[in-house]
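Quick notes on the structure that follows.
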Amino acid sequence: FSWSPRKTSALASQLYEAGHITYIRTDSTRLAESAVAKARAIIGEVWGEDHLGPSSAGASSAGGPVQDAHEAIRPTRLEVDEAPLDDDDARRLYRLVRAQTLASQMAPSQTASRRIRAACAELDRPLTGSVSWRTFAGWEAAYQEFLAPRPTAPPAIALEADAIWTLDAPDEDGTNPTLIEDETRPPSRYRPHTLIKAMKDAGIGRPSTYARTVEKLEERGYVAPEDGALAPTEPGRAIWMRAAPLYARNHDDGLELFSPEFTARMEERLDALASGTLDAPETWERWRDLIRDLHEEARERKQSGGSTLQQQDVLRRLLANAPEPRPVEPDEVESLSWAEAQDLAGSLREAGVAPSPTERQLEYIGRLLEDLDLDEATLAEVVGPEGPEGLRTTTAASEVIDALQAIYDERRPPSAKQRRYVDNLIEKLGLAEDAAAALVGVGSLEELTGGREGSASALIDQLSERLETAG
């Protein structure tokens, strides 16, 4: 469906909270006997007894690190083929869950295929190909809505040995057949759902953490969406190419720290701790000592190697404000060692040089200015006559961000959650709305402002204190 993990999780939660599907924080494949019986009855009635699969399908849990305390995700009432919800996507997800549940109890689909090897006059290489068509729907009958159409009959050409085929008439450009050259391509980038599948296959994470893990990668700027895939960013590449190798030490039965196997092993230990088969204090001490030793080794490697990307960024911003003649040019910092970069940054700071604003600061200022749409006079007063381009130091940029954020908070309306909380407190205290608004110096509740420093937050504090005193 091209949905993000966050959206899928939210839709599943909506279905669960409305009572349409069972508990969603599980990767179990086990179904209750009553659910199996109901599914098989529906299959026999709708598609016929020949579409039923083995009676044991779905009766036991899958191997590996699954959370099997609950059933597999399934409809609570399999006889309901459409969830009574207004959200089209939620209904679509419900139909998918139902189709998956029914398909798990159905017979395999059957396909006929032919491998073709042919020769063409005046062409010295054989032509190969294959063709297939479905002969029995099986489980695909339940999945019809979610599958691409498949041929159900053989092609209208002779498939016997020694058959002679005639080529179609030439195209408008006179070429038939057309030679298409292909090249070997690198592996495709992960998409959110393929990354989650890879995590499951490697034994990393749990159903409750899959979607949040992908979200964290985006929030921290390690990857960015690109045509539906997760493209690595410069910070993401830096973490993997520069930071991870510093911790590349074989340990713990030969597992690397930044490997799926190491993470899976740690999760196995957490499960063992939860079940009581491992001693918690001993496990904690081993983990603490391991990380401490790894960190010390990484620190030594870093100091004896080249400068880090973070050092290079700070140096370039310091050199942008350094007086002439500069000790090195900004484009030369990559050649410095870690120690040289550290010493140079220290000497520039001691000389009173402040670094220029970071790229993130300038981007944030740009977003605030776009949202606020300030008039020229206010813009000049807050940011300066030259605008963001005139900011020379990180300190100056931080001060501008604080000022713009204050203006933004003054204009921002309360969140829906804040407004509901205010209304609830007013109702409990029996206050008139205008009297409550007067507590924070506004004429009506519609004039409240949002944010942590806004008048809505201040009113919530005052009303909460009154309610506590009254209670």
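The values are calculated or read from the model by the stated rules, or taken from the named source; none is laboratory data. Computed from a predicted structure; not experimentally measured. Neighbour counts run over all protein chains shown; Cβ positions are idealised from the backbone, glycine included.
Can you find a residue in segment 303-311 that is outside any helix (DSSP H, G or I) and out of contact with any helix residue (DSSP H, G or I) (no Cβ under 7 Å at 6 or more places or on another chain)?
First, the residues of segment 303-311 that are outside any helix (DSSP H, G or I): 305-308.
Among the residues that remain, those that are also out of contact with any helix residue (DSSP H, G or I) (no Cβ under 7 Å at 6 or more places or on another chain) are: none.
Scanning segment 303-311, I find no residue that is outside any helix (DSSP H, G or I) and out of contact with any helix residue (DSSP H, G or I) (no Cβ under 7 Å at 6 or more places or on another chain), so the answer is no.
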Item to check | Set Glu296, Glu268: member being among the acidic types (Asp, Glu), at pLDDT 85 or above and under 21 Å from Arg206 (Cα atoms) | outcome: Glu268
Item to check | Filtered residue count, segment 45-76, keeping only those that are surrounded by 14 or more Cβ atoms within 10 Å (Cβ to Cβ), modelled with pLDDT of 85 or more and not acidic (Asp, Glu) | outcome: 8
Checklist outcome for this item: Expected output for segment 91-110 (first residue over 13 Å from Ile42 (Cα atoms) and free of Cβ contacts under 8 Å to residues at least 12 places away in the same chain, partner among the hydrophobic types (A, V, I, L, M, F, W, C) and surrounded by fewer than 17 Cβ atoms within 10 Å (Cβ to Cβ), Cβ below 9 Å, 6+ apart or cross-chain) is Arg91/Leu85
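Could you please let me know if Ile116 is surrounded by 11 or more Cβ atoms within 10 Å (Cβ to Cβ), farther than 30 Å from Gly19 by Cβ and of a type in the set (Val, Ile, Thr)?
Numbers: surrounded by 11 or more Cβ atoms within 10 Å (Cβ to Cβ): yes; farther than 30 Å from Gly19 by Cβ: yes; of a type in the set (Val, Ile, Thr): yes.
In short, yes.
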Checklist outcome for this item: All conditions in (1) in contact (Cβ under 8 Å) with a residue 60 or more places away in the chain; (2) not assigned by TED's automatic domain parsing to the domain that holds Arg98 are true of Ala137 except (2)
